[in-house]
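These notes concern the structure reproduced below.
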Amino acid sequence: MSQSSRLFLALDQSTSGTKALLFTPEGRLVDQEAVAHRQIYPRPGWVEHDADEIYANTLAAVTALLQRHADRWSELRALSITNQRETFVVFERESGRPLHNAIVWQCTRGEARCRALQEAGYEPLIRERTGLRIDTYFPASKMQWLLDERPDLRQAAQAGRALIGTIDAYLIYRLTGGRVWATDHTNASRTLLYDLRRLAWDEELTRLFDVPLHVLPEIRASDARFGATDFDGLLPSPLPICGVMGDSQAALFSQRCYAPGSAKVTFGTGSSLLLNIGGAPRLAGKGLVTAVAWVLGETPTATRGTPTATRGTPTATRGTPTYAFEGITNFTGATIQWLRDQLGLIQSAEESETLALSVEDNAGVYLVPAFIGLSAPYWRPDARAAILGLTPSATRAHVARAALESVAYIVHDVLRLMQEEAGLALTLIHADGGATRNRFLMQFVADMTRLRVRAARTAELSALGAVFAGMLGMGHVASLADLQALPADCVEYAPALSREEAGALFAGWERAVAQVLSAWRTIQ
């Protein structure tokens, strides 16, 4: 079979929906199908998804896509998966059915537990062990909250009748009919339960958060095999699952940021900035976390985590880890959705660009998108959003422009910190995600950061990154050099505003953030 007659299927399970995508070995997107799911807000600051709906949408998206290409099923080589990283599900071992709604990374219900751990002095231990900070963004505190609030779930977990995992592990379990209970390092490392250096679950941390170790999945390399699926009988024979990676790391991988010093920003519901720092973990200073970018070439030997396993410590032959500094922003693209869905100021995300360009400037209007707090580099989960600088002449166009500009200001904040921590000066940042189609935003990011912004024309780079990992694991490419040689379709933006103009705008942003933090501290 020639290279051109091969197809790679990907699932991209994101915060807003599920996509099924078909790629060629050269990385060209052939077709895709998307199905949105509900956002569930039981209380202010709480966010949930119906995991059963997500699985049903996964099957629906794959079925619709593959039925359009029924004549090419024989060309399918593998399924790869990328996902919203910190969202987790508690589900029944026997059936795979969720026992509670998935708790989403945006959810803040773990705040009290996080504060208690910080006050008890656990921040240095957790930061040293995981590379992360104690924050409700990461799921461990919310896992503990759920098991404490629902004694029936804790009892089921302790008895081995329930399992707990991130969305990738949940989907793999459902797709394989419960035969494979596994995650990859990029997802495991986001839980606050993972040792960054040992590349394994940490028993001390699982005890600290009171999450039973035996309910967690086996950890495999991103280019490992994760069983096979026929999508509940859709395909005549099972398709190998190979290539699993959290969405932000997958985007870094597809951008070919394989060399230390290369960086990217993924614009999604929130935005994630990653800077490759090489094969040795380094702890970042205030505002950043250290991430596992990927682990490749690992041969798992652990059986703990499989459906029939019990307590034990996972072991694995170490692969080759790559680490990154990460700056997490929790409400960027979601700010534009808020303008559309909650305020009705725009009818579509695309309209935000039209409105922003319809006015000469922001007229002094700033939007600080602390809807669920401010993440990097401020890490103030208690802060709340505000629009500042309104005058009688302000219009919805100024508010829309301020919303888009806020994304660039936050990216600038994080990149400045990254460069200081890494001790290097970037000249280029790779960009991906749906917002790369917004020319106003991409240009404003270039203006604020003073960097060239290389925006991918293909928005689906998280899915492509998982496929690249799958191509490595399936032997369709031999090395990262082979992936580096594949074509990349991008458009580049260079700074156009003068440093003085950019500096004045950014000074206004800093004043707005200071006002929000000060005002919220006073209100409390």
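The values are calculated or read from the model by the stated rules, or taken from the named source; none is laboratory data. These numbers come from a predicted model, not from an experiment. Note: ideal-geometry Cβ built from the backbone for every residue, glycine included; neighbour counts use all protein chains shown. Please note that ligands, DNA and RNA were not included when accessible areas were found on the heavy atoms of the full protein model with its side chains. Shrake-Rupley method; radii C 1.70, N 1.55, O 1.52, S 1.80 Å.
A simple spin-label model places pseudo-atoms 7 Å from Cα toward Cβ; at A34 and E350 they are separated by 1.2 nm. Ranking A502, L7, I134 by Cα position along the charge dipole of the chain, where only Lys, Arg, Asp and Glu carry charges on their C-beta atoms, puts I134 farthest toward the positive end. Rolling a 1.4 Å probe over the protein heavy atoms gives segment 85-190 an accessible area of 31 Å² per residue. From the alpha carbon centroid of segment 150-171 to that of segment 363-425 is 37 Å. Beta bridges per DSSP, both residues in the chain: antiparallel share near 70 percent.
Quick check: the angle from helix 439-449's long axis to the longest principal axis of the chain, C-alpha only, nearest 10 degrees? Rounded to the nearest ten degrees, it is 80. When the Cα gyration tensor is reduced to axis lengths a ≥ b ≥ c, the ratio a/c is 1.5 or higher for segment 322-455, and with a/b above b/c it is classed as prolate. Look at the alpha carbon pairs under 8 Å that are at least 6 residues apart: their mean separation over the length of the chain gives a relative contact order of 14 percent.
Rank L274, V244, A228 by how far each Cα sits towards the positive end of the charge dipole of segment 220-275 (+1 on Lys, Arg Cβ; -1 on Asp, Glu Cβ) and give me just the farthest. Towards the positive end, the residue furthest out is L274. Charges were assigned to the Cβ only: +1 to each Lys and Arg, -1 to each Asp and Glu. The resulting dipole of the chain about its Cα centre is roughly 620 debye. The computed mean projected area of the Cα convex hull in nm² for the structure shown corresponds, within (1) 36.9; (2) 22.8; (3) 27.4, to (2).
Which FRET efficiency value, to the nearest 0.05, do you get for T320 and V359 by plugging their Cβ-Cβ distance into 1/(1 + (r/R0)^6) with R0 = 51 Å? The formula returns an efficiency of 0.55 here.
Segment 442-479 and segment 481-505 have Cα centres lying 13 Å from one another. Would you give the gap between the C-alpha center of segment 221-275 and the C-alpha center of segment 25-75, rounded to a whole Å? A separation of 15 Å, based on Cα centres. In segment 1-142, the portion of solvent-accessible area held by carbon and sulfur atoms comes to 47 percent [1.4 Å probe, whole percent, DNA, RNA and ligands not counted].
Extending 7 Å from the Cα toward the beta-carbon at both D71 and R43 defines two label points whose distance is 5.7 nm.
Along the Cα-to-Cβ line of D148, 7 Å from the Cα, sits a label point; which residues in segment 163-203 have backbone N less than 18 Å from it? Within reach of a label on D148, which here means backbone N under 18 Å from a point 7 Å along Cα→Cβ, segment 163-203 contributes 192-193. Our analysis of segment 378-434 gives Rg over Rh at 1.08, with the two radii drawn from alpha carbon positions and Rh computed by the Kirkwood formula. Taking each residue as 0.36 nm, the span from L390 to T63 lengthens on full extension beyond its C-alpha to C-alpha distance by 112.9 nm.
Taking a ≥ b ≥ c as the square roots of the eigenvalues of the alpha-carbon gyration tensor, segment 143-269 is classed oblate because a/c is 1.5 or more while a/b is no larger than b/c. For S498 and E420, what does the FRET efficiency come to when R0 = 30 Å and r is the distance between their Cβ atoms, rounded to the nearest 0.05? Computed FRET efficiency for S498 and E420: 0.80.
Among beta bridges from DSSP that stay inside segment 1-82, the antiparallel ones total about 70%.
In the chain, the longest principal axis of the Cα atoms and the axis of helix 461-473 are about 30 degrees apart.
Given axes a ≥ b ≥ c from the Cα gyration tensor, I'd like to know whether segment 19-165 is rounded (a/c under 1.5), prolate (a/b larger than b/c) or oblate. Prolate.
Sites count as exposed loop sites when they are GluC sites (Glu not before Pro), lie in a DSSP loop, and have at most 12 other Cβ atoms within 10 angstrom; the longest stretch of the chain without one is 95-359. Considering helices alone, the calculated mean residue ellipticity of the chain at 222 nm is -10500 deg cm²/dmol, with DSSP H runs of length four and up weighted by -39500 (n - 2.57) and normalised per residue.
With respect to the chain, whose longest principal axis is taken over its alpha-carbon atoms, helix 499-523 is tilted by about 70°.
For the pair D50 and E123, label points projected 7 Å from Cα toward Cβ lie 4.1 nm apart. Which percent, nearest 5, of DSSP beta bridges in segment 404-524 are antiparallel? Taking every DSSP beta bridge with both residues in segment 404-524, the antiparallel ones total about 50 percent. Surface composition of segment 162-299: carbon and sulfur make up 49 percent of the accessible area, probe 1.4 Å.
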